[in-house]
Structures are given as structure tokens and as C-alpha cells.
1. Of (1) assigned to a loop (DSSP other than H, G, I, E, B); (2) open to solvent by less than 40 Å² (accessible area, probe 1.4 Å), Gly69 satisfies all except one. Which?
2. Do we find a residue being in a helix (DSSP H, G or I), at pLDDT 95 or above, open to solvent by 40 Å² or more (accessible area, probe 1.4 Å) and over 19 Å from Thr93 (Cβ atoms) anywhere in region 19-37?
3. What tally of residues in region 8-18 results from selecting those that are in a strand (DSSP E or B) and either open to solvent by less than 40 Å² (accessible area, probe 1.4 Å) or among the hydroxyl-bearing types (Ser, Thr, Tyr) (or both)?
4. Any idea which of Ser51, Ser46 is open to solvent by 80 Å² or more (accessible area, probe 1.4 Å), modelled with pLDDT of 95 or more and out of contact with any helix residue (DSSP H, G or I) (no Cβ under 6 Å at 6 or more places or on another chain)?
5. Looking at Gln64, is it open to solvent by 70 Å² or more (accessible area, probe 1.4 Å) and at pLDDT 95 or above?
6. I'm checking my understanding of the structure. Among residues of region 74-102 that are surrounded by fewer than 16 Cβ atoms within 10 Å (Cβ to Cβ) and touching a residue at least 60 places away in the same chain (Cβ under 8 Å), which one is farthest from Thr17 (Cα to Cα)?
7. Do we find that Arg62 is part of a strand (DSSP E or B), in contact with a helix residue (DSSP H, G or I) (Cβ under 8 Å, 6 or more places away or on another chain) and in contact (Cβ under 8 Å) with a residue 12 or more places away in the chain in this structure?
Amino acid sequence: MPLRTRGTPHPNMRYTTAADWQVFVYPKIRPGNDDFFTLSHDLVSSPYWPSTGAGTSWGDARLQDCAKGQRAKAGGGTEWRAWATSHHLAVVTSRLTALGRP
């Protein structure tokens, strides 16, 4: 884990999978929050990325946009949390529908 800093958070994502959370935290190397582009690319390329991809949720579509460099800015902590929450709600809803449990 990178050392804590004052001000803006390190690029991070808590990403729900079927049974776990995957936590991505990247150090700040590039200007602004541009390291989140790298994080999102790594997430989209990882085995944790769902087979439904960007169609999983609104948040997953934003993550894929970042991964492909289709956003001018990578957002910040508020957006990252919203994208992760959108994905989490989609995963839980899907599991409740399919299995009757989260």
C-alpha cells in the first residue's frame, strides 16, 4: 500500500467478484489522477473483469472507458466509489435473481 497523502486519494478501486472483493490501490506517479487509467486497464484485463464486461453496470462502462482512454479525465475518489458501487449493486442483484442469495 502506498503511504497516505494529504489531499486527493491514490487511485483505488474496491471491486466485487462473486465471492470476494478485489482491492486495487496504485501509487501516484503520473499527473493528477491519470494513474487511474492504468488501474482501470489492469482491472479490465484481469480475470476479475466480468464476462458481461461494460454491460454489467453503468460503473463498469465508465471503467472500460477509462481503460480504453476514452475519457479526458480519470475522475476522482467520488467517481471511483460511484463506479464501484454501481458494479457491486449489479453483482448482488444478479446473484439474488439467479441464486436467491447475494
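1. Against the list (1) assigned to a loop (DSSP other than H, G, I, E, B); (2) open to solvent by less than 40 Å² (accessible area, probe 1.4 Å), Gly69 comes up short only on (2).
2. Scanning region 19-37, I find no residue that is in a helix (DSSP H, G or I), at pLDDT 95 or above, open to solvent by 40 Å² or more (accessible area, probe 1.4 Å) and over 19 Å from Thr93 (Cβ atoms), so the answer is no.
3. Selection size over region 8-18: 4.
4. Values: Ser46 fails: open to solvent by 80 Å² or more (accessible area, probe 1.4 Å).
One residue alone meets the criteria, Ser51.
5. no
6. Gly76
7. no
The values are calculated or read from the model by the stated rules, or taken from the named source; none is laboratory data. From a predicted model like this one, the values you see are computed outputs, not experimental measurements. Glycine also receives a Cβ, built like all others from the backbone with ideal geometry; neighbour counts cover every protein chain displayed. Ligands, DNA and RNA are stripped out before the accessible areas are found, and what is left, the full protein with its side chains, is counted by its heavy atoms. Shrake-Rupley method; radii C 1.70, N 1.55, O 1.52, S 1.80 Å.
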